[in-house]
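Peer 1: Right, I'll just put the structure down here and ask away after.
The values are calculated or read from the model by the stated rules, or taken from the named source; none is laboratory data. It should be emphasised that the depicted structure is a prediction, and the values quoted were computed from it without experimental measurement. Positions of Cβ are generated from backbone atoms using ideal geometry, with glycine treated the same way; all protein chains shown enter the neighbour counts. Note: areas computed on protein heavy atoms with side chains; ligands, DNA, RNA excluded. Shrake-Rupley method; radii C 1.70, N 1.55, O 1.52, S 1.80 Å.
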Amino acid sequence: MRRSAACLLRECKKFVSTARLEHGADVVLFVTTCRAFAKAALGPALRQDVVALHRDLLGSWVTGAHLETLIPLNGSGSGRRRPTA
């Protein structure tokens, strides 16, 4: 996978380490519009109870899905773009 195609571990670690402590977040969402989370980046997010949404799930949220229905899908999704109507 090309470097620019995946959400990288460095960005994930920085985000995970500041989301709750620095920003006081109750629910932490880590959303990527790139193709996918790198496997090394997804693991730390899931272990720290961070909701990781691939861009296909972001698309569902943008088009009206309630966030509460997407949280259980944490870490899933293909990152593939869904066809537009």
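Peer 1: One residue is enough: does the stretch 41-53 have a residue meeting the conditions open to solvent by less than 20 Å² (accessible area, probe 1.4 Å), modelled with pLDDT under 75 and either of a type outside the set (A, V, I, L, M, F, W, C) or touching a strand residue (DSSP E or B) at 6+ places or on another chain (Cβ under 6 Å) (or both)?
Peer 2: Looking for residues that are open to solvent by less than 20 Å² (accessible area, probe 1.4 Å), modelled with pLDDT under 75 and either of a type outside the set (A, V, I, L, M, F, W, C) or touching a strand residue (DSSP E or B) at 6+ places or on another chain (Cβ under 6 Å) (or both), one finds none in the stretch 41-53, hence no.
Peer 1: Same structure again: Please determine, by comparing only the residues of the stretch 14-42 that are out of contact with any Gly (no Cβ under 7 Å at 6 or more places or on another chain) and charged (D, E, K, R), which one is nearest to Gly75 (Cα to Cα).
Peer 2: Only one residue fits best here, namely Lys39.
Peer 1: On the given criteria, is Leu70 open to solvent by less than 30 Å² (accessible area, probe 1.4 Å) and either modelled with pLDDT under 85 or of a type outside the set (D, E, K, R) (or both)?
Peer 2: Yes.
Peer 1: Conditions: (1) at pLDDT 85 or above; (2) surrounded by fewer than 15 Cβ atoms within 10 Å (Cβ to Cβ); (3) touching a Leu at 6+ places or on another chain (Cβ under 7 Å). Ser60 meets all but one. Number of the miss?
Peer 2: Failing condition for Ser60: (2).
Peer 1: Cβ-Cβ below 9 Å, separation at least six or inter-chain, first residue in the stretch 24-47 and without any contact (Cβ under 8 Å) to a residue 40 or more places away in the chain, second of a type in the set (S, T, N, Q): which pairs?
Peer 2: Val28/Gln48; Ala41/Thr32; Ala45/Asn74; Leu46/Asn74
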